[in-house]
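Structure first, commentary second.
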Amino acid sequence: MEAGGITLFVVASVEVGNTTTKCILTATDLGLGKTFLVNKTVKLTRNVRKPRIGETVFGETIFGTPLTRQSVAEIVGDCIIESCNKAGISVAEIDFVVRSTGVVAHFENPSDIGTFIQALADGALLAGVPPSKMVPAVTKENLPEKVRRYSLLDKVFFDGSVAGVLPPRGSTGAEIVANEMEGELSTAGIKEGAKWTDVDFRNPCISMDFGTTFKGRITNDDLPYARTIGNFCGLGGAIADTITKGFLKQKDASAIDLKFESDYGVGEEAFELSEEIHKHIRVEKLSSNCKRFGKIPVNAKAAEDAGILLVGCDVGDNGSKFGELEKIGAEIRDQKLLLATLDVVMAKIFRRALEVVHSEGFFMENMAIGITGRAGITGKKPWLFLEELKDLGLYKKPEKNIVFVDDGLARGAAVMARCMNALGNPKNPLGGLRMSGCVLGERIKLQSGYFTS
Ligand SMILES: Nc1ncnc2c1ncn2[C@@H]1O[C@H](COP(=O)(O)OP(=O)(O)OP(=O)(O)O)[C@@H](O)[C@H]1O
Ligand SMILES: [Mg+2]
């Protein structure tokens, strides 16, 4: 899209989460390298239509909503069309679609994501997006004419690094955690979102996405690309949902059903309840024989062999102690106290995850911390997370090293689309190290080696 001499690159992030299914449209001003949110259309995944006779249920959300390839495609297609209508653009004006899902709990092993991503592609096709807008361009000529002059495809190619970070890989190329792609997008999105703040969120960094599930990355300071040296996994907002189910005495409820409220305080009682709740929560380094933690399939052996730290969050074993949390929820008497308690519970999960990263020797003082996902940024959480961070004493200036970003994953989709098509902006780089410049030169050098060696 071109408007007033500005070239906008429009990306749709389509995402089937365990709680919400979203189409988020962003427009990146390629001259400035900044991304604007255009429209966000959110539906509840549990309202997906029921499987029809003859369809195969190929997956289910963490709380058991059944999904078929066709039902996923329909909800995704509807979401894209609705989002474009609300934004006042046509589907044809979308330049690129990035698909992802956090619905991975039913996988046998971490690499089973393929079919789901195909169902998302079916949805995009139903909405009228051609397949060419879902795969990286190989040469500039494959890109829309208006964006060609911004593409560096004749200098660098897409080699799998997104916003200057390489994915974690076991030595055999095995996937480490099932929702790694979401961790990758969220990390990239926090890097972009942080551009609007005074926190430099380039590498090395720690990203945490508290959706229904918990995911994220730890990156190191290698150049030109940082390596992923750690991953988070397990339960995130699912913990808040379970407490809420008890409070509302409703089996399919989730924290997202609570009436919006902002004028509540966080007092002693919320801290006491959180302490009770945390007795049932495990936040720990995964042992090397672990295959599933907090319902998320993992390959802890491959992680250990590659020196990658896996930190997980669970309630008992794969949610086995959810019942205890529901009981505590049922005793909370008013919603203000519930909201305050959920905020403290999540802040303490953040603290414990960080403590593991530190005690395992993966923390560096020059690391930035980035948080996204509803269960990490709503209510009083940013303030409470910062208080926990101050209390840990890891930084001289904690507030300069932590950033909260909404819709991290969708922003990451916009970044991923740009990386795939080499639409970076050397004046406003996302890759490289904190407080340093662009790494384009080093990338070119590295990639020229791919051909000569
Ligand atoms: N006030 C709140 N406190 C804690 N958690 C909340 C609150 N409001 C919503 N949540 C939780 O946040 C989660 C939803 O966040 P989000 O939409 O980012 O996840 P998702 O993308 O659907 O899940 P996933 O990425 O794991 O597939 C739900 O578990 C929801 O209940
Ligand atoms: Mg999500």
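Here are a few things to note about the model shown:
- For the chain, a crude dipole built from +1 on the beta carbon of Lys and Arg and -1 on the beta carbon of Asp and Glu, taken about the Cα centre, is about 640 debye to the nearest 20.
- Between 0 and 90°, nearest 10: helix 69-87 axis offset from the chain longest Cα axis: 70
- With neighbour counts taken as other beta-carbon atoms within 10 Å, the residues Tyr150, Tyr225, Tyr395 rank, fewest first, as Tyr395, Tyr150, Tyr225.
- In the stretch 335-453, one over the average inverse separation of all distinct C-alpha pairs is 17.0 Å, which is the Kirkwood hydrodynamic radius.
- In a simple Cβ point-charge model (Lys, Arg +1; Asp, Glu -1; nothing else charged), the stretch 2-150 has a dipole of about 240 debye relative to its Cα centre.
- If you sort the three axes of the alpha carbon gyration tensor as a ≥ b ≥ c, you get a/c of 1.5 or more for the stretch 59-155 and a/b no higher than b/c, which makes it oblate.
- Given charges at beta-carbon only (K, R positive; D, E negative), |dipole| of the stretch 180-409 in Debye: 320
- Classification of the stretch 305-361 by its C-alpha gyration tensor yields an oblate form. The axis ratio a/c (a ≥ b ≥ c) is 1.5 or more, and b/c is at least a/b.
- Calculated SAXS-style log₁₀ I(q)/I(0) at q = 0.10, 0.12, 0.18 Å⁻¹ - the stretch 180-409, Debye, Cα scatterers: -0.42, -0.61, -1.36
- Neighbour-count order for Ser111, Ser71, fewest beta carbons within 10 angstrom listed first: Ser111, Ser71
- Checking every one of the GluC sites (Glu not before Pro) in the stretch 36-141 against DSSP loop status and a limit of 14 other Cβ atoms within 10 Å picks out Glu55, Glu108.
- Our note on the geometry: Cα centres of the stretch 349-400 and the stretch 158-205, 18 Å apart.
- Helix 237-248 and the longest principal axis of the C-alpha atoms of the chain enclose an angle of approximately 40°.
- Between 0 and 90°, nearest 10: helix 381-392 axis offset from the chain longest Cα axis: 80
- If R0 equals 35 Å, the separation of the Cβ atoms of Ser436 and Ile6 corresponds to a calculated FRET efficiency of about 0.80.
- The ranking of Thr7, Thr21 from fewest to most other beta carbons within 10 Å of each one's beta carbon is Thr7, Thr21.
- By the rule of a C-alpha distance below 23 Å, with chain neighbours fewer than 8 residues away ignored, the lysines paired with Lys146 are Lys34, Lys133, Lys155, Lys427.
- Our helix-only sum for the chain, with -39,500 (n - 2.57) per DSSP H run of n ≥ 4 divided by its residues, gives a mean residue ellipticity at 222 nm of -11000 deg cm²/dmol.
- Where labels lie 7 Å past Cα in the beta-carbon direction, separation of Glu399 and Lys327 in nm: 4.2
- The trypsin sites (Lys or Arg not before Pro) of the stretch 275-324 that meet both conditions, a loop assignment by DSSP and at most 13 other Cβ atoms within 10 Å of the site Cβ, are Lys279, Lys291.
- Difference of contour (0.36 nm per residue) and Cα-Cα distance, Ser262 to Asp317: 16.4 nm
- Hull volume in cubic angstrom per residue (convex hull over the Cα atoms of the chain): 146
- Partnerless cysteines in the chain, where a partner means another cysteine C-beta under 4.7 angstrom, comprise Cys84, Cys205, Cys233, Cys290, Cys313, Cys419, Cys438.
Readers should treat all values here as calculations from the given coordinates under stated rules, not as data from a laboratory. Note that the structure is a prediction, hence the values are computed from the model and not measured. Note that we place each Cβ from the backbone using ideal geometry, even for glycine, and neighbour counts take in every protein chain shown.
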